[in-house]
Structures are given as structure tokens and as C-alpha cells.
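Chemist: Shown below is the structure under consideration.
The values are calculated or read from the model by the stated rules, or taken from the named source; none is laboratory data. Since the model is a prediction, treat every value here as computed from it, not as a measurement. Reconstructed Cβ throughout: ideal geometry from the backbone, glycine too, with neighbour counts over all protein chains shown. Accessible surface is based on the protein model in full, side chains and every heavy atom, while ligands, DNA and RNA are left aside. Shrake-Rupley method; radii C 1.70, N 1.55, O 1.52, S 1.80 Å.
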Amino acid sequence: KIWVMGGQTIPPFTSDPERFYGDVWCSENGRDWTKIHDNAPWAPRGLIGGSAVFQGKIWVMGGGTYNTPARPDRIFYNDVWNSADGVRWNCVTQSAAWHPRQYHDVAVFDDRLWVFEGYHKAGGNRNDVWYSADGVTWHEVPDTSWLPRHAASVFVHDTALWMVAGNNM
């Protein structure tokens, strides 16, 4: 299935009222969508950035909300949640070892979840990499050689993890 979770409206860019979503939708064909949950237990967030399917479950990791006129301060999370069906969610940890972030990337590789880079208002862009076999215990990869960034493209290819581009403003 294809899954869509959370989101937010940003009033300067739309005529819609400000709203933060915690809903969960799925589709088997990309055309017909079913709302699975109207208000998941994780805090609504428009900048999830980190989601994956791992060990037969959907995982949501970190993210936050973009600043809006009514909420001028961004919110940043480092929580980890999973669900086997999109309805019943389990909080794996409220505070992972990695710093809260938005615009980060997540991958599944070598039977582990991976969290890459991202942005936080305190310190800006990041260049760290973390991995976990269970979503609870996280290990940092030391001495990354690339510049801090957010919103990169991370993917698995030819039995390796690849990170391409990103924003390093």
C-alpha cells in the first residue's frame, strides 16, 4: 500500500485556514484512497520527513511543524512511532538519541532503520547519521565526511546507502 500521514496548511501559500493534520490514509493503486485514522496519537506534523516501512510496520520518526502566522515557532520532534495497520500506533520512544529535526531522511538498509541529516533551528543543518535495529537503541556513525544539509535524497542501490544533493543554506 501507499501511505500518506500528517501534513499542514500554510496560510501564506493557500486560502485554506491553518490546520495541522494527524490523519493516516492508504491506497492500493494511488487513485482510490481510504482514511485509516483521523487523529493518530503522534503529534500532528507537516514536516514528517522520516517515515519508512520496516519489520512489517509503518514507522514515523521525528519531523515537526512549519511556522505559521498563528504558530510562529516551528516545532521539532525526535519521537519514534510504529504501526502494523495504520490504526493502532505504538510509541517506540518519545526521545530518540538523535537531535530533534525536520527535513531529515530515513532509509531501511541492512535490517536497520537509518536517520540522516536534517534541520533544527538551534544549529541549523546537520550532517549526522544514526541507525537502529529496533527504533529504541540508536547508534551514531562517526565522522561523516559531507557538509551539513537537509532534504537530501537517500536511497538504497547496489547494496549500499546513497545520499544525493540536499539543501545546505
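Chemist: Out of the DSSP beta bridges found with both residues in the range 17-133, what percent are antiparallel (nearest 5)?
Modeler: Counting only bridges with both partners in the range 17-133, antiparallel ones make up about 95 percent.
Chemist: Along the charge dipole of the chain, pointing to its positive end and built from +1/-1 on Cβ of Lys, Arg, Asp and Glu, which listed residue (Ala96, Trp3, Thr68) has its Cα farthest out?
Modeler: Checking the options against the dipole of the chain, the answer is Thr68.
Chemist: Could you sort Glu117, Glu18, Glu28, Glu140 by their accessible area in this structure, using a 1.4 Å probe and putting the largest first?
Modeler: Solvent-accessible surface, decreasing: Glu28, Glu140, Glu18, Glu117.
Chemist: Length gain on complete extension for the stretch Asp85 to Ala160, per 0.36 nm per residue less the alpha carbon to alpha carbon distance?
Modeler: Stretched out fully, the Asp85 to Ala160 stretch lengthens by 24.1 nm.
Chemist: Let me spell out the model: positive unit charges on the Cβ of Lys and Arg, negative unit charges on the Cβ of Asp and Glu, origin at the Cα centre of the range 31-169. What dipole size does that give, in debye rounded to 20?
Modeler: The calculation lands at about 540 debye.
Chemist: If you compute Cα extents along the principal axes in Å for the structure shown, which of (i) 44, 35, 29; (ii) 111, 37, 22; (iii) 36, 31, 26 do you land on?
Modeler: Here Cα extents along the principal axes in Å agrees with entry (i).
Chemist: Over what distance in Å are the Cα centres of the range 1-47 and the range 74-151 separated?
Modeler: 20
Chemist: In nm, to one decimal, how far is the Lys1 label point from the Arg71 one, both placed 7 Å along Cα→Cβ?
Modeler: 2.5
Chemist: Let me ask another. State, to one decimal in nm, how far the label point of Arg112 lies from the label point of Asn168, with both points 7 Å from Cα in the Cβ direction.
Modeler: 2.4
Chemist: Where in the range 84-104 does the label zone of Glu140 land, with the point 7 angstrom along Cα→C-beta and an amide N cut-off under 11 Å?
Modeler: 97-99
Chemist: Next up: So which lysines can Lys57 reach, going by Cα to Cα under 29 Å and dropping same-chain residues fewer than 8 places off?
Modeler: Lys1, Lys35
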